Amino acid sequence: MLFCRLLPTVFLLLSASVLTPCASAAVPKGAETSQTPVPEKAPDHPLQTKNEAGESLGHVDSGAFLTAVVATHKGDDLDAARAFRAAAAADPTNKDLLKQAFIRSVLAGDPEAVPLARLTARQPEGQSIISSLVLGNDAVTRANWAEASRFYQQAGADPMAHLILPLLQAWCQQGQGHADEAIESLTHIQGSVLVPFYTLHAAMIAQTAGQAAKAGELFAQAAKIMPGYDLLLTRSQAAWLWSQGQQDKARSLIRGMIQADPVLALAGAQLQATIGHAPVTSAQAGIARAYVLTAFLLRQQGRQQGQADRPGPTDHQFDEASRLMLGFALGLDPHLAEARLMLSEIQDAEGHQTAARETLLRIPQTDPLYPVAAFRLALVDGSTGHLDEAQIILTHLVQDTGGQGLAVRALGNTLSARKDWKGAIAAYNQAVTQATASKTLDWSLLFLRAVAYHESGDWPRAKADLQQALKLAPDEPLLLNFLGYSMVERKENLTEAAALLRKAADLDPKDAAIRDSLGWVQVELGDLAGGTALLEHAAEQTPEDPEVNYHLGEAYWRAGRRTEAVDQWNVALGLHPEPADEALIRAALARAVAAGVIKATPQSAPPAESGPAPTGGKHTP
């Protein structure tokens, strides 16, 4: 979005020192290195610590501190908050522990953040944007709007808070019954990148205050200047249209949004069923939405900073700041689905899948966005190997959505991961039929079905899908490699296969799988020198790929380098090859025995180590 590019980097709320546990201030010298092992059960006795001047800092509850560190790295903010609070209680003079206890409590949406905010605010230079916002939010929950406004005003000196301060203050005015003043304060702001959102919130304030005509005018104005579809705007405006007896327009508005967003289409029925319910009906809910907006803008700023490769805060720091804003939102509205969906995305991206799962599970099934949460939950389960759970969720989702394309495709992917090729093909067939009817068929869906056909042994159908996919994406290296290599496997028109693979290599010259495929077809065509060089390079890039090592061994064998060939095949056999590849490797070693290169033994080569083989090969998505 254009406005996101204009946001200042100062949007970052806290430095890494605030959001990362400060081990050096809380553990003895020498215990803060990254190599320090964390015991399974931390000791319960306190540690005596000193600062650089040798002055005693008090006792640190080492068990609580280490528990807090571990919980932080696992993304369990609630456990981290509790443990940091315990550590801070053992050493009340340690400001770093108090700071961490406060921040983690905010991230967890823990009510204990409020007394901690009061405590930190009493410390020298302890008043901060975060403590001011926490105390303002607490006043909101008590409907003390004047007090909330005072605390928010204290935070307004911060550049980030300055941008959302108009929203916070306007909703405080609305809470005090001054809707006209609130609307006036937002609609008179000019030149800000947030004008579309100020206008939207002004409209929601009017809607909440029962000023229907003013709300309709402002919703229309916001829709004109808002870049693309906005979920909150669309739902709010649709609810207004419904209340005005314009049901057809309301349904058309929702329909347009879900047609533009395949993920939201999963919740299409629920969004239509709740079309008459305005998503924001109180000032407290409006402030929660303001924090969600801030979290979104922070994430956008982080992504753009990363893409521009500019010095400054990292994506992780922006995500942590976003999580703080989402913590504020959920503290005010614990069931706010948009906040939980965004939070789960951040947790998943940070590798905290268990935390992401718990976040999604707290979205009630009665929420209209629950199908989106279920879909995200299935993706998390699938990415962590919980394929049974993912399949159950997606099967229900397919049934509940009437076979919506995104859900069906995800089910096909899950069944493919389980190597249920028949089930995967059935799901992909349904997805292809729907996409063809809606004229949204893309090459990747055909590729996924081709892989399932290929693995099930139906090469003609796999080849047909690959050829059709290439018509849609003629310069896609993945397609060219899969089709070309599959033809080489079957010794089918090697000249054409080589042409496909050369084109793939030209398009993606650094890809090891493509280099292996091209090297292998050149060996099959008799170009041993050229093929071997490519295979050696591929093996250097992916030394633990059994297929590449088998190919290189075969090239060595054909070139008369038989000892090296045997060595390469033995390496390949120890890398958990797929059953079909293992059979080829053992046959090659048996050939070496017959040729007298190696002695015959009860087994011509050591068996592959026990354990599950890695899923998929270099040609499998």
Check your understanding: Any residue in the range 535-553 that is within 18 Å of residue 487 (Cα to Cα) and open to solvent by 30 Å² or more (accessible area, probe 1.4 Å)?
Key -> no
Point to revise | Output for the range 236-263, where each listed residue is surrounded by 21 or more Cβ atoms within 10 Å (Cβ to Cβ) and either touching a residue at least 40 places away in the same chain (Cβ under 8 Å) or in contact with a strand residue (DSSP E or B) (Cβ under 6 Å, 6 or more places away or on another chain) (or both) | key: 236, 239
Check your understanding: Here is a list of conditions, (1) of a type outside the set (A, V, I, L, M, F, W, C); (2) over 29 Å from residue 103 (Cα atoms); (3) within 17 Å of the chain's Cα centre (by Cα); (4) assigned to a helix (DSSP H, G or I), and residue 345 meets all of them except one; can you say which number that is?
Key -> (2)
Review point. Take the residues of the range 390-442 that are farther than 30 Å from residue 361 by Cβ and assigned to a loop (DSSP other than H, G, I, E, B): which is nearest to the chain's Cα centre (by Cα)?
Key: 442
Check your understanding: Across the range 553-567, what is the number of residues that are touching a residue at least 24 places away in the same chain (Cβ under 8 Å) and either under 14 Å from residue 536 (Cα atoms) or in contact with a Lys or Arg (Cβ under 6 Å, 6 or more places away or on another chain) (or both)?
Key -> 7
Exercise for review: Could you check residue 156 against (1) of a type outside the set (A, V, I, L, M, F, W, C); (2) closer than 21 Å to residue 293 by Cβ; (3) touching a helix residue (DSSP H, G or I) at 6+ places or on another chain (Cβ under 9 Å); (4) modelled with pLDDT of 85 or more and say which number it fails?
Suggested key: (4)
**Study point:** the range 475-491 residues that are without any contact (Cβ under 8 Å) to a residue 60 or more places away in the chain and open to solvent by 10 Å² or more (accessible area, probe 1.4 Å), paired with ones that are not in a helix (DSSP H, G or I) and not basic (Lys, Arg) (beta carbon under 6 Å, 6 or more apart)
**Key:** 477/508
Check your understanding: Which residue pairs have Cβ atoms under 6 Å apart, sit 6 or more places apart or on different chains, and have a first residue in the range 144-159 that is surrounded by fewer than 17 Cβ atoms within 10 Å (Cβ to Cβ) and a second that is in a helix (DSSP H, G or I) and at pLDDT below 90?
Key -> 159/10
Revision key, fill the gap. Counting only residues that are open to solvent by less than 40 Å² (accessible area, probe 1.4 Å) and over 34 Å from the mean Cα position of the chain (by Cα), the range 457-471 contains a total of 2
Point to revise | Scope the range 357-373; condition without any contact (Cβ under 8 Å) to a residue 60 or more places away in the chain and crowded, with 19+ Cβ neighbours inside 10 Å; matching residues | key: 357, 359, 360, 363, 373
Review point. Pick from the range 229-263 the residues that are outside any helix (DSSP H, G or I) and closer than 25 Å to residue 339 by Cβ: which of them is modelled with the lowest pLDDT?
Key: 229
Check your understanding: How many residues are free of Cβ contacts under 8 Å to residues at least 12 places away in the same chain and under 40 Å from the mean Cα position of the chain (by Cα) if we restrict to the range 522-542?
Key -> 1
Practice item. Filter the range 161-206 down to the residues that are free of Cβ contacts under 8 Å to residues at least 12 places away in the same chain and in a helix (DSSP H, G or I), then identify the one that is nearest to residue 221 (Cα to Cα). Key: 184
Exercise for review: Answer yes if at least one residue in the range 420-442 is in contact (Cβ under 8 Å) with a residue 24 or more places away in the chain, surrounded by 17 or more Cβ atoms within 10 Å (Cβ to Cβ) and closer than 30 Å to residue 277 by Cβ, and no otherwise.
Suggested key: yes
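The values are calculated or read from the model by the stated rules, or taken from the named source; none is laboratory data. All of these numbers come straight from a predicted model, not from anything done at the bench. So basically every Cβ, Gly included, is an ideal-geometry build from the backbone, and we count neighbours across all protein chains shown. Side chains are part of the model used for accessible areas, which takes the heavy atoms of the whole protein and leaves out ligands, DNA and RNA. Shrake-Rupley method; radii C 1.70, N 1.55, O 1.52, S 1.80 Å.
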